[in-house]
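Taking it in order: structure first as structure tokens, then the write-up.
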Ligand SMILES: [Zn+2]
């Protein structure tokens, strides 16, 4: 099963945000090396960059009906995945997405 690209970017940027807050927290609580504050700020910067990228992708995303579960989903590239049923989807070139569920 695949994960929707939009969800992937959002969860990755969320992880960076948590990492950034974690390092800043360590720095402020234990007053340890300044490098921790630096890493924290850097990680939060990456997080905001990725959030803005997710917003950029979301604006460009196409709305399609998932061929597997029939719900309206948003896809951002030729190969993406349904955010509901996680079916991997591929654009066949004419804007119509086909499910490419691996056979068991
Ligand atoms: Zn689906």
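Table for the structure above
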read-out	value
Selection status of residue 6, part of a helix (DSSP H, G or I), in contact with a helix residue (DSSP H, G or I) (Cβ under 9 Å, 6 or more places away or on another chain), in contact (Cβ under 8 Å) with a residue 60 or more places away in the chain and surrounded by 14 or more Cβ atoms within 10 Å (Cβ to Cβ)	yes
Pairs where the first residue, in the range 59-72, is under 17 Å from residue 101 (Cα atoms) and part of a loop (DSSP other than H, G, I, E, B) and the second is at pLDDT 95 or above and within 13 Å of the ligand (Cβ to nearest atom), C-beta under 7 Å, 6+ apart	none
Yes/no for residue 40 being out of contact with any helix residue (DSSP H, G or I) (no Cβ under 9 Å at 6 or more places or on another chain) and more than 16 Å from the ligand (Cβ to nearest atom)	no
Filtered residues of the range 80-95 (kept if in contact (Cβ under 8 Å) with a residue 24 or more places away in the chain and assigned to a loop (DSSP other than H, G, I, E, B))	82, 83, 86, 87, 95
Tally, over the range 68-84, of residues that are buried (at least 16 other Cβ atoms within 10 Å of the Cβ) and over 19 Å from residue 55 (Cα atoms)	1
Top-ranked residue in the range 73-85 [being farther than 15 Å from residue 100 by Cα and away from the ligand (no atom under 11 Å from the Cβ); ranked as modelled with the highest pLDDT]	74
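The values are calculated or read from the model by the stated rules, or taken from the named source; none is laboratory data. Bear in mind the structure is a predicted one, so any value in this text is a computation, not a measurement. FYI the Cβ positions are ideal-geometry reconstructions off the backbone, even for glycines, and counts take in every protein chain you see.
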